[in-house]
1. Across segment 71-90, which residue is farthest from ARG112 (Cα to Cα) among those that are open to solvent by 10 Å² or more (accessible area, probe 1.4 Å) and of a type in the set (A, V, I, L, M)?
2. Could you tell me which residue of segment 119-144 is surrounded by the most Cβ atoms within 10 Å (Cβ to Cβ), considering only residues that are farther than 27 Å from ARG72 by Cα and touching a strand residue (DSSP E or B) at 6+ places or on another chain (Cβ under 8 Å)?
3. Looking at segment 152-182, which of the residues that are at pLDDT 95 or above and among the basic types (Lys, Arg) is most open to solvent (accessible area, probe 1.4 Å)?
4. Can you name the residue in segment 188-215 that is of a type in the set (Asp, Glu) and outside any loop (DSSP other than H, G, I, E, B) and is also modelled with the lowest pLDDT among such residues?
5. Tally time: how many residues in segment 204-222 are open to solvent by less than 80 Å² (accessible area, probe 1.4 Å) and farther than 20 Å from GLU259 by Cβ?
6. Taking segment 91-118 as the search range and keeping residues that are out of contact with any helix residue (DSSP H, G or I) (no Cβ under 8 Å at 6 or more places or on another chain) and more than 30 Å from ILE192 (Cα to Cα), which one is least open to solvent (accessible area, probe 1.4 Å)?
7. Residues to consider are THR109, THR121, THR103; find the one that is over 30 Å from ALA23 (Cα atoms), part of a strand (DSSP E or B), at pLDDT 95 or above and polar (S, T, N, Q).
8. Based on what the data block shows, is ALA38 open to solvent by 60 Å² or more (accessible area, probe 1.4 Å), small (Gly, Ala, Ser) and more than 26 Å from SER243 (Cα to Cα)?
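The values are calculated or read from the model by the stated rules, or taken from the named source; none is laboratory data. Since the structure is predicted, the reported quantities are computational estimates derived from the model, not experimental observations. Methodologically, a virtual Cβ is constructed for each residue, glycine included, from the backbone with ideal geometry; neighbour enumeration extends over all protein chains shown. Accessible surface areas use protein heavy atoms only, side chains included; no ligands, DNA or RNA. Shrake-Rupley method; radii C 1.70, N 1.55, O 1.52, S 1.80 Å.
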Amino acid sequence: MAVAVVLLALVEAVNAFVAPSRAPTDEDWAAAAAKVRAGFRPGDLIVAAPAWSDPLMRLHLGDLVPMPVAGRMDSARYGRVWEISQRGARAADTTGASLAEFTRQGGLTVRRWERPAAKVTFDLLAEWHKAEVSVVTPDQAEVPCGFTQDRFQCLGGASFRPELIEVDSTLRNGLAVDPVERSTLVVAFSDIAFGRELAVASGLHSVWLRKLGDGKVRLRVLVDGRELGLMEATSQSGWGLRSFDTAALAGKTGKVRFEITVDKANARHFGFAAEARSP
């Protein structure tokens, strides 16, 4: 045991001296950014790996990562992904893609990944104002919510609006909901153009609010009155993403209904996003 402790101490000491020399320099980042800019096309996605290096990537390439892209639900709609990585890391956004280009810039690796981009047929976040929003009370009465310039305001204090939310220390563009206990907030969209899947992501906003509450938010997903599935968001669940099969409806239009409930509303600020699309 004593020998093991001494060896561990030696390894850590050596690493403390060696690690800084392996870290990418400002020149490495400048060279990697220049490489990406030279080949970048509108609609490309730029990511960093490991995730903690994302602020450095944005320092050099932030003008090519606007908020709609930075706060994306996922990366399925992006056919070309530029990845700037270090220490052998790989971004989850490149999963399933094929390597098209590879270069090294000092302590950084620049890879360009390619894959077929998903075709989005309806983006619920972009069309949020077309929603039909209501609250179903405990006695099963469905009360429509009033629409203002930036949100739907509902009975009991519930609301529905687009908002930049934070889930798992990552910013997301989402449809924000403040649910109320013993009632169901209903968000419905008519005449949705379906693809082969309905992708839905959800989570709880704000690290501070997640620490204050312990309630569970449930999101029930229905298409044309048929339940596709149920998603749950807790303080530990993060940004959950599910793909519901709508292949039988591809090329058709129909109605999507989201039903949101909560058992304990305290400090539960819920956000979700959804796309009808074909992979």
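1. Going through the qualifying residues, I end up with MET73.
2. Within segment 119-144, the first condition is being farther than 27 Å from ARG72 by Cα, and the residues that meet it are 135-144.
Filter once more, so that each one left must be touching a strand residue (DSSP E or B) at 6+ places or on another chain (Cβ under 8 Å): 135-137, 142-144.
Details: VAL135: 23, VAL136: 16, THR137: 15, GLU142: 10, VAL143: 14, PRO144: 13.
If we take residues in segment 119-144 being farther than 27 Å from ARG72 by Cα and touching a strand residue (DSSP E or B) at 6+ places or on another chain (Cβ under 8 Å), then VAL135 is surrounded by the most Cβ atoms within 10 Å (Cβ to Cβ).
3. ARG172
4. Quick first cut of segment 188-215, residues of a type in the set (Asp, Glu) only: 191, 197, 214.
Next, from what is left, pick out any that are outside any loop (DSSP other than H, G, I, E, B): 191, 197.
Working: ASP191: 91, GLU197: 98.
Result: ASP191.
5. Qualifying residue count, segment 204-222: 5.
6. Keep residues of segment 91-118 that are out of contact with any helix residue (DSSP H, G or I) (no Cβ under 8 Å at 6 or more places or on another chain), which gives 92-100, 102, 104, 109, 114-118.
Those left that are additionally more than 30 Å from ILE192 (Cα to Cα): 98-100, 102, 104, 109.
Working: SER98: 75, LEU99: 93, ALA100: 50, PHE102: 95, ARG104: 160, THR109: 12 Å².
Checking each candidate, the answer is THR109.
7. On the way: THR109 fails: over 30 Å from ALA23 (Cα atoms); THR103 fails: over 30 Å from ALA23 (Cα atoms).
Exactly one of THR109, THR121, THR103 is over 30 Å from ALA23 (Cα atoms), part of a strand (DSSP E or B), at pLDDT 95 or above and polar (S, T, N, Q), namely THR121.
8. Details: open to solvent by 60 Å² or more (accessible area, probe 1.4 Å): yes; small (Gly, Ala, Ser): yes; more than 26 Å from SER243 (Cα to Cα): yes.
Answer is yes for this residue.
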